[in-house]
Amino acid sequence: MDDTNYLDSSGDKIQASINITTQFYHYHDVNINGKINRTTFNKRQCSSEDTKERSYRIKNLLKDLPTYETLYKREIDAIENSMCIRCGKNEEETWDHVWICNDNEANLDEIVRESISKFEEYLNKNGRSEDVTILRDHNINIVTILEERSNILLGKSRIWEMLRGVFNDRFNHLTKVKEEKAIIKECWNFIYNEFKNRIWLIRCEEVARLEKLIGIQKQDLRKKRRKEQDKRKEDFKDENIENKKTNKIDKKKQKKEFDKKINIVTRDRLIGSVTDRNNIENIWDLMPKIY
Ligand SMILES: [Zn+2]
């Protein structure tokens, strides 16, 4: 299973989930909005990496990553039940389970602490000694905020807010100095990405390995999507007639590209024009998660 499996959902489903998420945050009065100072961001082309990252962030926020629970609900043929195949503990592979599965190489607290050191190492390597000083002034506070109880996720620490991608307002109040705010934000993004790299991406590799062992192929996980594609194919029948003479394989390739574009358009519409051409990391904390 690869990253692009996130692209499965239809726009409507995502919209519905966003509405629910929005209500949730409104209800709990979480400050996830802010003013966007456009001039601080570098305009740049929207790379495929950034597109993938946006997709992950949104799916993750909505708890709609392609876990076995999600795939089972989507009635993917090859998925017989929603149980986690990594730990074999007979537990459902829900979004929550992914982060605490026994098969993970490290637990959440460990990853937070190690990430801070790694971030410092990264700053050092890039000759950013002033930023290292800033980080050292704030690293304990960052860990403390993350390890304290969340006010919105009952019984859980704020790490779980970060896992979803919710930037807690308390990080904004650690300092009034602009440069320090920037380092805190960069550190937040660094840890967020470490969770993705050390848990989610490793999970996907491992699940793909295990699926291969039991004979599940990548295309088996796309069965449902194919049906949707066929439906769309009919909608664009007229266009296809014109292309009749084109090589069949070429056609298939074109269709794939076209679907990909639809997905990108749908997703980008969700994110809104505000974020276009901006690196998602720069604006994620400020991005109103309301549409
Ligand atoms: Zn597990």
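The values are calculated or read from the model by the stated rules, or taken from the named source; none is laboratory data. If you're wondering where the values come from, they're calculated on a predicted model, not measured in any experiment. For neighbour counting, all protein chains shown are included, and Cβ atoms are generated from backbone atoms with ideal geometry for every residue, glycine included. With ligands, DNA and RNA removed, areas are computed over all heavy atoms of the protein, side chains included. Shrake-Rupley method; radii C 1.70, N 1.55, O 1.52, S 1.80 Å.
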Item checked: Virtual spin-label span in nm between Glu91 and Asn126, 7 Å along Cα→Cβ -> 3.5
Checklist line | Largest-first ordering by accessible area, 1.4 Å probe, given options Arg164, Arg149 | finding: Arg149, Arg164
Notebook entry, point to check: If amide H atoms are built 1.01 Å from N in the plane of the peptide, which residues on other chains or at least 5 residues away come under 5 Å of the amide H of Ser157?
Noted result: Ser150
Notebook entry, point to check: Got a sec? Which residues in segment 119-153 would a label at Ala182 touch, if it sits 7 Å along Cα→Cβ and we count backbone N under 11 Å?
Noted result: 131
Check: Relative to the present Cα-Cα distance, how much length would full extension add between Glu206 and Thr133 at 0.36 nm per residue of separation?
Finding: 22.5 nm
Checklist line | For segment 74-182: rounded, prolate or oblate by the Cα gyration tensor [a/c cutoff 1.5] | finding: prolate
Note to self: On a 24 Å Cα-Cα criterion, which of the cross-link pairs Lys59/Lys178; Lys118/Lys181; Lys52/Lys218; Lys89/Lys196; Lys118/Lys185 come out too long?
What the structure shows: Lys59/Lys178
Margin query: Tell me the accessible surface of Lys156 in square angstrom (1.4 angstrom probe, heavy atoms of protein chains only), to the nearest ten.
Written below: 60
Next item on the list: Under 15 Å from the Cβ of Asn126, count the other residues' Cβ atoms, weight Lys and Arg +1, Asp and Glu -1, and hand me the total.
Entry: -2
Margin query: Can you report the principal axis dimensions of segment 43-128 using only the alpha carbons, biggest first, rounded to whole angstrom?
Written below: 51, 34, 18
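Starting from 0.36 nm per residue, how many nanometres of slack lie between Arg74 and Leu213 once their C-alpha separation is accounted for? List each step's numbers first, then the result.
Working: separation 139, 0.36 × 139 = 50.04 nm, distance 2.27 nm.
Fully extending the segment from Arg74 to Leu213 adds 47.8 nm.
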Item checked: Met83 long-range amide H proximity, modeled H, under 5 Å -> Glu93
Item checked: Sulfur and carbon atoms: percent of accessible area, segment 101-199 [1.4 Å] -> 45
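Evaluate E = 1/(1 + (r/R0)^6) for Lys223 and Ala106, where r is the Cβ-Cβ distance and R0 equals 35 Å; express this FRET efficiency to the nearest 0.05. Let's see the in-between values first.
Details: r = 34 Å, r/R0 = 0.98.
Efficiency computed from Cβ-Cβ geometry: 0.55.
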